[in-house]
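Here is the structure we will look at.
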Amino acid sequence: MDLSEKMQQPVDQFGIIGESHAFRQIIGTIHQVAPTDISVLIVGESGTGKELVANALHQASHRREKPLVVVNCGAIPEGILESELFGHEKGAFTGAVGARKGYFETADSGTVFLDEIGEMPPATQVKLLRVLESKDFMRVGGTRMQTVDVRVIAATNKDLEAAVTAGEFREDLFYRLNAIHIRVPPLRERREDIPLLIKVLAADFCRRNHIEFQGFTETAIRVLANQPWPGNVRELKNFVESIIVLERGDLVDETGLANYLKTPGQGARNLPVPTHRSSEQVEREFIYHALLDLKSEVTKLREDLYQSYDTGLPKSLPYYSEVIPSSYKTDDSDPGSEGFDLENKSLEDVERFMINRTLESYNGSKRKAAKALGISERTLYRKIKEYDLPF
């Protein structure tokens, strides 16, 4: 089967789902590039499926029987990233009680996928460039060169060309990584793929969780296809799975969707943010709005509970803590106590409260908390230090 025939088939290879021309082109590029060892840079917004493309490049290559090592450069603290990538020798730093292989040695003869490459600090960029050019490097604290045969695939949701111009990313490394450039489009640019994605995601979730689901009506699918989905496939997947669980597997129509979709006024918060705001401001506003939404829902629930009982119901609602977790109550108190009054707190207070509560919920797990908050682990570590949280 030649390349043109492959591009005419429904795109469901390597876990990549879609029927749009854009995704057919991506599959065609994967088949062309995978058999080589050339470096590939995958770009696209968060949640578009960049890791799936990287996995496809590995699985279609002659290295498929060897390791594919995935490294999230934004999730590893800057101080230990070099050691994680290239390993270290015994005594290289405090706590280095023995020699340790890094990700590149672990992936020898295979592939290293460097996700969020735009977060890599300059000092580590220099060492990565040498690996790409000469295939050798030195462990942290080492004196002997290590040689590896590794293919490098990188991904980013940043504009690396702008980062190069700003002096934040090495120009020579950018051109070395960008030998082949694959752009994964956001959902809003391939809406024709959304109906198929919904059906496949729903079927996969129900199969894994043994749920009998009657499906979405065609009208409901059309409504979902016209949503903005700023979080792309990741957001769509989470939405589909949540609504299947919340609707108990019943048939979902456009009326049922209305209970879960944002209203036009609320939806405006999901639009791209103005560029004059920093990423920290955007993160704080996102958390703040999420808490405001939750407060509104809790208030409505309390009103409904009052209306459903006799007028003699105690105003203290003794069973209230069983209905709504205490960490989300909205009575007046300080962050860290049983409740939190959003209206009398700054964005910094709200952010500190949300991060602290999330860490408590996951027993201090930084990885799980960062994922739940929608921020990188590096950002979470910075926030913990900034707010002097006990984790």
> Any chance region 144-159 includes a residue that's touching a residue at least 40 places away in the same chain (Cβ under 8 Å), crowded, with 17+ Cβ neighbours inside 10 Å and at positive phi?
Replying inline: no
>> Suppose we keep only residues that are modelled with pLDDT under 95 and of a type in the set (Gly, Ala, Ser) within region 1-45. Which one would you say is nearest to Leu114 (Cα to Cα)?
In response: Gly15
> Which pairs have Cβ atoms under 6 Å, sit 6 or more apart or on different chains, and link a residue in region 227-243 that is among the β-branched types (Val, Ile, Thr) to one that is surrounded by 18 or more Cβ atoms within 10 Å (Cβ to Cβ) and assigned to a loop (DSSP other than H, G, I, E, B)?
Replying inline: Val233/Gly47; Val233/Gly49
> Going through region 365-391 one residue at a time, which ones are charged (D, E, K, R) and within 18 Å of Asn238 (Cβ to Cβ)?
Replying inline: Arg367, Lys368, Lys371
> Would you pick out the residues in region 145-172 that are within 17 Å of Tyr103 (Cα to Cα) and either part of a loop (DSSP other than H, G, I, E, B) or among the acidic types (Asp, Glu) (or both)?
Replying inline: Val148, Asp149, Val150
> For region 84-96, how many residues are surrounded by fewer than 20 Cβ atoms within 10 Å (Cβ to Cβ) and touching a strand residue (DSSP E or B) at 6+ places or on another chain (Cβ under 9 Å)?
Replying inline: 6
> Among the residues of region 164-200 satisfying the criterion of being within 20 Å of the chain's Cα centre (by Cα) and without any contact (Cβ under 8 Å) to a residue 60 or more places away in the chain, which is farthest from Asn232 (Cα to Cα)?
Replying inline: Ile198
>> Anything in region 125-140 that is in contact with a helix residue (DSSP H, G or I) (Cβ under 9 Å, 6 or more places away or on another chain) and either part of a loop (DSSP other than H, G, I, E, B) or farther than 15 Å from Arg176 by Cα (or both)? List them, or say none.
In response: Asp136, Phe137, Met138, Arg139, Val140
> Which ones in region 65-88 are within 17 Å of Thr111 (Cα to Cα) and out of contact with any Gly (no Cβ under 9 Å at 6 or more places or on another chain)?
Replying inline: Val70, Val71, Asn72
>> Need the failing condition index for Met120 against (1) more than 25 Å from His62 (Cβ to Cβ); (2) touching a Lys or Arg at 6+ places or on another chain (Cβ under 7 Å), just the number.
In response: (2)
> If you scan region 150-206, which residues turn out to be touching a Leu at 6+ places or on another chain (Cβ under 7 Å) and among the charged types (D, E, K, R)?
Replying inline: Arg170, Asp172, Arg176
> Does Lys262 satisfy being closer than 27 Å to Ser46 by Cα and without any contact (Cβ under 8 Å) to a residue 24 or more places away in the chain?
Replying inline: yes
> Among the residues of region 69-85, which ones are of a type outside the set (S, T, N, Q), touching a Leu at 6+ places or on another chain (Cβ under 9 Å) and not in a loop (DSSP other than H, G, I, E, B)?
Replying inline: Val70, Val71, Leu85
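The values are calculated or read from the model by the stated rules, or taken from the named source; none is laboratory data. Note that the coordinates shown come from a computational prediction; the quantities given were computed from them, not determined experimentally. All Cβ positions, glycine included, derive from the backbone under ideal geometry; neighbour counts span all protein chains shown.
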